[in-house]
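Notes follow the structure.
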Amino acid sequence: MLELAPAYAGSDPVRALYHDLRQPLGAIRVLAEADGVDPERRLALIADEVAWMGRMVESVLTDAADDDLVVVDVVACVRRALASAEPAAHCALHLHAPVEGAAATARPVALTRAIACLVDNAVRAAGPGGRVDVAVTAGDAVVEVAVRDDGPGPGGLAPQTSLGLATTRALVASCTGTFRLAPGPDGGAEAAIWLSAARDEEGVVA
């Protein structure tokens with residue numbers, strides 16, 4: 001029987017992986033059929049998605065053995081998640097983040113997957129012509145990732161969203177972080193992840 005590592009405690013790792021692979025696979029399909037994109041650039045983007053899928057699969061097959069709690073650049077994790085969402089998204093995606101990055105303690109693969117789940121839900125909620133904003137805020141003690149959409153609000157999406165949210169909660173918990181989903185201040189939904197900020201003397205290693 002598979003013994004779950006902390007990154008998958010309370011969730012079905014195979015179902016969660018299947019859910020999370022849909023986004024990069026969709027990006028690859030769109031990129032493969034894209035016209036007017038430099039072929040070398042398109043192949044590089046596809047290679048990035050393949051590499052990311054490989055990291056996700058490996059983390060599940062090894063029970064997240066290599067996805068340790070380290071100091072990560074949260075902005076880099078957000079950019080990785082957005083890279084998978086952008087090709088197939090029919091809404092506007094906006095990133096608001098400090099140019100110098102934001103260091104926090106987390107599991108890099110788990111955190112990126114959690115953010116990707118939130119972005120995927122937000123993109124589907126916003127729909128064609130909608131808007132999704134992802135904001136990273138770095139404080140002295142906490143780094144926050146907030147994903148906001150202008151969709152129907154919490155509870156307004158198809159049932160598959162519940163799997164993504166359950167996975168997100170488990171992944172964020174494995175990063176010793178906190179997750180919250182609430183109605184947005186101007187409608188839609190706002191999902192937030194809070195992580196422990198890294199000290200200045202700690203170097204970013206992932």
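Nothing in this text is a laboratory measurement; each read-out follows from the coordinates by a stated rule. If you're wondering where the values come from, they're calculated on a predicted model, not measured in any experiment. Here the Cβ is made from the backbone with ideal geometry for all residues, glycine too, and neighbour counts use every protein chain on show.
Summary of computed values
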| item | result |
| --- | --- |
| Label-point separation, residue 76 to residue 21 (7 Å along Cα→Cβ), nm | 2.6 nm |
| Per-pair calculated FRET efficiency, R0 = 35 Å: residue 47 and residue 178 via Cβ, rounded to 0.05 | 0.55 |
| Label point distance in nm, residue 92-residue 61, each placed 7 Å from Cα along Cα→Cβ | 4.2 nm |
| Potential extension, residue 69-residue 100 segment - 0.36 nm per residue separation minus Cα distance | 9.0 nm |
| 12 Å beta-carbon shell around residue 24, net charge (K/R +1, D/E -1) | 0 |
| Angstrom value of the Kirkwood radius, inverse mean 1/r, which spans all Cα pairs in the stretch 38-183 | 15.9 Å |
| Gain on full stretching of the segment that runs from residue 34 to residue 142 - 0.36 nm per residue minus C-alpha separation | 34.9 nm |
